[in-house]
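The values are calculated or read from the model by the stated rules, or taken from the named source; none is laboratory data. Model, not experiment: these values are computed from the prediction. When we count neighbours, we look across all protein chains shown, and the Cβ atoms used for this are built from the backbone with ideal geometry, even at glycine.
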Amino acid sequence: MARKKIKASRKWYSMDLHLHTPASSDYKTSGVTYLDILLKADNLSLDMIAFTDHNTVAGYSHMHEEIERLRLLAKLERILPEEQARLIEYERLLKRILVFPGFEFTATLGFHILAIFPPNKPVREVEHLLLDMNIPADQLDRGSVTVGASADVLTAYRLVNEAGGLAIAAHANSTNGIAMRGLTFGGQTKIAYTQDPNLHALEVTDLEQRGRRTTAAFFSGAKPEYPRRMHCIQGSDAHRLENDSQSKKNFGVGGRITEVLLPEPAFEALKELFERNDFARTRPRRKKKGESAYDFVRGAREEGSNIIQDFHEAMTVSGGKLYGVIADVCGFANTNGGTLYIGLSNDPKTQIAGINNPPQAIRQLEKEISNRISPPLQCTVDGHKSGGKNILRVLIPRGDDPPYAVDDNKIYIRQEADTGLAVRDEIVGLVQRGKPSRASAVAPGSKQQTGVTSGHEQPVKTKGKKDKEQAPRTGVEIVSVEERKGTRYYIVKDLRNGNVVKNVTEKSARRLWHYAITTYAKMPKDSKKTQAEWAGNLGFIKRYQQGKSMRYDLVQRNGKNFRYYFGVTDDGIHGGWRKVVGAEE
């Protein structure tokens, strides 16, 4: 049954979850007190902050020890006037600002992970966790970045999560970040580190930037290797009170602020946000007073339709528009999940049509999803405004009980920016994916969690020498074709997830497959006569525009054999293929 989240009481709250204190050995400013940090946070109207010193919770502990000492002096009537003033300020600030205990953990290979806990978490329990993560007992209060042989990244995620904390990858896209940006190795490690189910969010340094090259766009769930969309926040990583006037990269308290839409500033509310698939409730704070907030709907339109989002101008029964919405919901649930926007097209240059009577439209859509999609699927349907018009948003999870069907027998999946009926091998793959969830949980990143699987354990083998260059990562490959009783049957490989689908005909093929099959059929029978621009064994056949995406048809020589790839997008281009298509390095 679909459900609607009540958001009337939600407000935007400001937070900085990456603050160091003098308890970190590399703190840059002398003479700074914990009260100074709180006063600075108050001046910036921060609602939530976290003390995340290096491999220690000493900063948070020392602040509370000071407060308790002042309270004891006040109780004994031995407190000095200046001490009384400090205590009054502490108590005023702690009523307004929620301070989380935490630490910045240095995992093996030097990767940094933020661990953040609720305010009622005993400091002693956090220290025991640090010991479990191999921080030496004699270094618990040192606040040092270097701590020797600590726990590995995945173990750290798990232990923090099991302890009731938030595991956030610190500055994931920069130095000591788990995204390993700029490194030419560690592909599978990067996937594991950024897709682990115990990881709650990524802290990034480019949250205020927009475009397909940003970290948030990279981890949007649209890439085949990274099907789990990640929540992205920003934090100052402050090692000083004020921003460094000599370097724009050295921030003080509140140098990078994130705003989150919550019912209240509370740890539980923050954790609930990170565990859900509503990615419009996080944004960088507006820089100037009165500056309009970032319109996430407009941003989605600029990105256009893709494997995790699509747009419908209307949801009327006439013309099959409502059925198109329901089919998309089913397709997203069977693939990677996603978001639907209703009341507008995917072209940001066209006027938004809008939805009349949103409450009625929400009730209608919830009823349709509940009645027509089986098994039951928990979606969120809510209303928003964009360009002064009302629109609906549907958040569809990646279903844990596939295959999902419309009207009991129509099974849809998502491929790139299209939804289409699943063919036999894809249905088999969905059944295989659903089996573990009915018996036991499967961690994201495993075979059952990386997209629609075909049920084939072994990849299709090709004759000749082993390829030195891997195939593109998007598009489709025509593996082989055979004719039976006058009909050609193709084996098609989906390059996004590696699924192999047999017995595909021109008639049964979806849009991209149909294009690939018809184009392949026109290729010369002698592959050596293929018209292509070659760079070694990699060949460029054709470039064309589809929607907002540039697509490529490519060929690869493998000994005496040729492999053909069709409809490859920019996201699928890597390695030597970049030179072939003329992409900048």
Query - Evaluation of E477 against (1) under 30 Å from G338 (Cα atoms); (2) among the acidic types (D, E); (3) at pLDDT below 90 (one fails), failing number - result: (3)
Report task. Can you tell me which residue among Y60, Y13, Y27, Y90 is outside any loop (DSSP other than H, G, I, E, B), crowded, with 19+ Cβ neighbours inside 10 Å, out of contact with any strand residue (DSSP E or B) (no Cβ under 8 Å at 6 or more places or on another chain) and not aliphatic (A, V, I, L, M)? Result -> Y90
Query raised in the report: Got at least one residue in region 362-377 being under 27 Å from G299 (Cβ atoms) and outside any helix (DSSP H, G or I)?
Result: yes
Query raised in the report: Within the bounds of region 200-217, is there any residue that is of a type in the set (S, T, Y), farther than 18 Å from L19 by Cα and surrounded by fewer than 17 Cβ atoms within 10 Å (Cβ to Cβ)?
Result: no
Query raised in the report: Has region 522-537 got any residue that is of a type in the set (K, R), assigned by TED's automatic domain parsing to the domain that holds E482 and closer than 25 Å to A222 by Cα?
Result: no
Query raised in the report: From the residues in region 128-185 that are closer than 19 Å to F267 by Cβ and either β-branched (V, I, T) or part of a loop (DSSP other than H, G, I, E, B) (or both), which one is nearest to the chain's Cα centre (by Cα)?
Result: I168
Query - Residue count, region 382-433 (criterion: without any contact (Cβ under 8 Å) to a residue 24 or more places away in the chain and closer than 24 Å to K493 by Cβ) - result: 1
Requested in this report: Tell me which of these A333 doesn't satisfy, since it passes every other one: (1) outside any helix (DSSP H, G or I); (2) within 24 Å of R228 (Cβ to Cβ).
Outcome: (1)
Requested in this report: Would you point out which residue out of D206, D196, D244, D237 is acidic (D, E), over 24 Å from L46 (Cα atoms) and either at pLDDT 95 or above or more than 12 Å from the chain's Cα centre (by Cα) (or both)?
Outcome: D196
Requested in this report: Output the number of the condition that D571 fails; it satisfies all remaining conditions of (1) part of a strand (DSSP E or B); (2) at pLDDT below 85.
Outcome: (1)
Query - Filter result (of a type outside the set (D, E), assigned to a loop (DSSP other than H, G, I, E, B) and touching a residue at least 40 places away in the same chain (Cβ under 8 Å)) within region 30-57 - result: V32, L44, L46, N55, T56, V57
Query raised in the report: Would you pick out the residues in region 270-328 that are on the phi > 0 side of the Ramachandran plot, assigned to a helix (DSSP H, G or I) and either under 25 Å from the mean Cα position of the chain (by Cα) or at pLDDT 90 or above (or both)?
Result: G320
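Of all residues in region 371-381 being in contact (Cβ under 8 Å) with a residue 60 or more places away in the chain and buried (at least 17 other Cβ atoms within 10 Å of the Cβ), which is farthest from G337 (Cα to Cα)?
Step one: list which residues in region 371-381 are in contact (Cβ under 8 Å) with a residue 60 or more places away in the chain, which gives 376-381.
Checking the rest, the ones that are also buried (at least 17 other Cβ atoms within 10 Å of the Cβ) come to 377, 379-381.
Details: L377: 11, C379: 10, T380: 12, V381: 14 Å.
The qualifying residue farthest from G337 (Cα to Cα) is V381.
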Query raised in the report: With region 495-556 as the region, which strands (runs of 3 or more DSSP E) entirely inside it contain at least 2 residues that are surrounded by fewer than 15 Cβ atoms within 10 Å (Cβ to Cβ), without any contact (Cβ under 8 Å) to a residue 12 or more places away in the chain and not β-branched (V, I, T)?
Result: 538-546
Query raised in the report: Of everything in region 406-437 that's within 26 Å of the chain's Cα centre (by Cα) and more than 24 Å from G475 (Cα to Cα), which residue is surrounded by the fewest Cβ atoms within 10 Å (Cβ to Cβ)?
Result: K435
Requested in this report: For region 333-346, indicate whether the set of residues that are more than 19 Å from the chain's Cα centre (by Cα), surrounded by fewer than 23 Cβ atoms within 10 Å (Cβ to Cβ) and more than 26 Å from T474 (Cα to Cα) is non-empty.
Outcome: no
Query raised in the report: Any idea which of I79, I88 is more than 26 Å from H239 (Cβ to Cβ), touching a helix residue (DSSP H, G or I) at 6+ places or on another chain (Cβ under 9 Å), free of Cβ contacts under 8 Å to residues at least 24 places away in the same chain and β-branched (V, I, T)?
Result: I79
Query - Members of region 91-115 found to be within 17 Å of L46 (Cα to Cα) and touching a helix residue (DSSP H, G or I) at 6+ places or on another chain (Cβ under 9 Å), listed by number - result: E91, R92, L93, L94, R96, I97, L98, V99, F100, P101
